Each structure stands twice: as C-alpha cells, then as structure tokens.
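The values are calculated or read from the model by the stated rules, or taken from the named source; none is laboratory data. No experiment lies behind these values; they were computed from the predicted model shown. Because the Cβ atoms are built from the backbone with ideal geometry, glycine has one as well, and the counts that use them run over all protein chains shown. Calculation scope for accessible area: heavy atoms of the full protein, side chains included, ligands and nucleic acids excluded. Shrake-Rupley method; radii C 1.70, N 1.55, O 1.52, S 1.80 Å.
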Amino acid sequence: MSSELNENQLKRVLQGISIPPQPQVMVDLHMEQAMPEPDMTRIAEIISQDVGLSAAVLKFVNSAFFGLPRKITSIQQAVMLLGVTTITNIVNGLAVKSELSDDAIQAMHSFWDNAMDVAAVSASLAKQLGFKYQDESYALGLFHNAGIPLMMKRFDGYKDVLIKGYQDENFELTNVENQTFKTNHSVVGYYLAKSWGLPKSCCAVIAYHHRIDRLFTNRVPGDTTNLTFAAILKMSEHIAGTYKHLGCAEEDYEWDNNKHFVLEHLDLTEYDFEGLVEVCREQGISTE
C-alpha cells in the first residue's frame, strides 16, 4: 500500500469517507510515551481525566485474560503493574470504540467484543510463539477491522455486502467491496491506522489483511516480521470466530483458503495449532 498518494488520489480511494482525528487521549498518551522517560503518574492522570474510560480500563484489566492475583482498584495501580505500552494499547482500543461507534455499528452488537477478543488472542499467540512484538500484535488485533465502522457509516447496505463476502467459499470479500463501493475496509482501515500513528508493520498488514496470500507469495527475502503479524492475525480471527460474528457464516472460508500459508510460515502442525487454541481457552479468552 503506497503512502505517497496525492490528495486527489486519496479522495478517490476513500470515496468520501472522512478519517476522524485521533482521540485526544491517544494523542496525549503517545506524546508521553515518546518521552525519554515516560512519567507513569502523568499517564495515569491522562487516563483518569475520562471517568468512563477509566472504568472501562479497570473492568478490562480485572478480566480473566490478565489473570491478575489481586483486583486492581486504580488506574495508577494498573499502569504500574501492566506497564505503559500494555495500558496504552487497552486505552487505544477503548478510544477507538468510543470514537467510531454510531447507530449503524451498534446494530452489530458483537463487533467490538470480537475486536477485543481478536486482540487478546493475538497477544496470547505472540507470547506462546515467542514473537517479541506482543503489544503490536494486540494493537493489530484491535485495529485491523477499524475500517468497517467507517464503511457502514458511509454506505447503505454495507453490512449485507460484508456478510456476502464472508459466506463466499472463495472468500473474495475485498473484491466484492471494491466492485460495490470502489473501495474496501482494508484500505480505509490502513489510512485510519496510519493517521492515528500505529506502527508501520500494523498498517502494512491491515492494508492486505484479507489478501494475505499476496504477502506470502510476494514476500521480501529476509523480511518475516510482517508475515508473522499476518499469520498471528489470521489465527486470531479464526479462533475468535470473526467469520461467525461479522459474516454470519457457518464455516471460516478465509481460514480454509489461507491456513497452509500460516502454518507453514510458523512451522506449525494442525496439532500444534490446537495446542495454542487450548492455551487461549485456559486464559479465559473468548474463542468462537
């Protein structure tokens, strides 16, 4: 995905979709993160300014996924225990939900729950596989489908097209979107992630996350990081049942068409994969 499009080209690609500005809480947190020595107290203060966000953060960090030995009762405790990057990822995900939710996306009740599940599975898989970019994997899981709310807001009937794409045995969702709307949620999500300052690797995978066969068949020699991000994301979507929650499909055709790329890249057998899934279940993460 080229980042060198001029303004007119970008307008054509986005088809009148307005990319919302980065929420202020994310801006403030990213600025503090960029400091040579981030101030944990200041980070807690930034989050605490939003009472609703603070409550959501505490609810999430006390969930079964983190399995903390004691209940966390303050944002300060959460920051000190989980660290700046993890807390920032959680806040980013909740801020995205707040910023992009509207009546249309609320009709898809499980959309945001599924995004949080995919993020949690992604972080778990990254840890199990010894992939050092666990926080980035979590962020990718949260943001990978962030173009969907913007597409739903812009185009009537988008939900029907989304479902049609997921229920196609050949899984050509991106092509179906392009044919119908002259753009797709992957490219919209790419520009949203890019404008909100997500890591470049996350942006690159978002752009092609429903065409990962292209990433694997046109791989750059020696550059395996993006492929590992893509592999973890596809496993996470399958484990979290995205095909059911977003596509109302009975079978995950995307996984069926791409799992050989994923398992071969990660040097995993089907048995190994089931072992990873079982660990996610033991951690209390919602699977399907």
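Taking all protein chains together, 177, 250 sort by accessible area into 250, 177, largest first [probe 1.4 Å].
Using the Karplus relation 6.51 cos²θ - 1.76 cosθ + 1.60 with θ = phi - 60°, the per-residue 3J(HN,Hα) values for region 275-280 come to x, 5, 4, 4, 4, 4 Hz, with x marking Gly and Pro. Modelled spin labels at residue 73 and residue 256, positioned 7 Å past Cα toward Cβ, are 5.3 nm from each other. Taking 20 °C and 1.002 mPa s as conditions, region 26-172 diffuses translationally at an estimated 128 µm²/s according to Stokes-Einstein applied to its Kirkwood radius (Cα pairs). On full extension, the segment bounded by residue 33 and residue 175 gains 47.3 nm, given 0.36 nm per residue less the C-alpha separation.
Evaluating 6.51 cos²θ - 1.76 cosθ + 1.60 at θ = phi - 60° for every residue in region 27-44, the Karplus couplings come out as 4, 5, 5, 5, 5, 5, 4, 6, 5, x, 10, x, 8, 4, 5, 5, 4, 4 Hz, glycine and proline recorded as x. Counting every alpha-carbon pair across region 170-264, the share separated by more than 24 Å comes to 20%.
Counting Lys and Arg as +1 and Asp and Glu as -1 over every other residue whose Cβ lies under 15 Å from the Cβ of residue 180, the net charge comes to -1.
For the chain, the mean residue ellipticity at 222 nm estimated from helices alone is -20000 deg cm²/dmol, where every DSSP H run of n ≥ 4 contributes -39500 (n - 2.57) and the total is divided by all residues, rounded to the nearest 500. Mean-square fluctuations from a GNM of the chain, with a 10 angstrom spring cutoff on Cα atoms, peak among 172, 270, 251 at 270. Cα extents for the chain along the principal axes, largest to smallest and rounded to whole angstrom: 49, 48, 40.
Placing pseudo-labels 7 Å out from each Cα toward the beta carbon at residue 81 and residue 153 gives an inter-label distance of 3.4 nm.
Residues considered: 68, 140, 150. Largest GNM mean-square fluctuation over the chain, using C-alpha springs under 10 Å, is found at 68.
Mean-square fluctuations from a GNM of the chain, with a 10 angstrom spring cutoff on Cα atoms, peak among 76, 22, 179 at 179.
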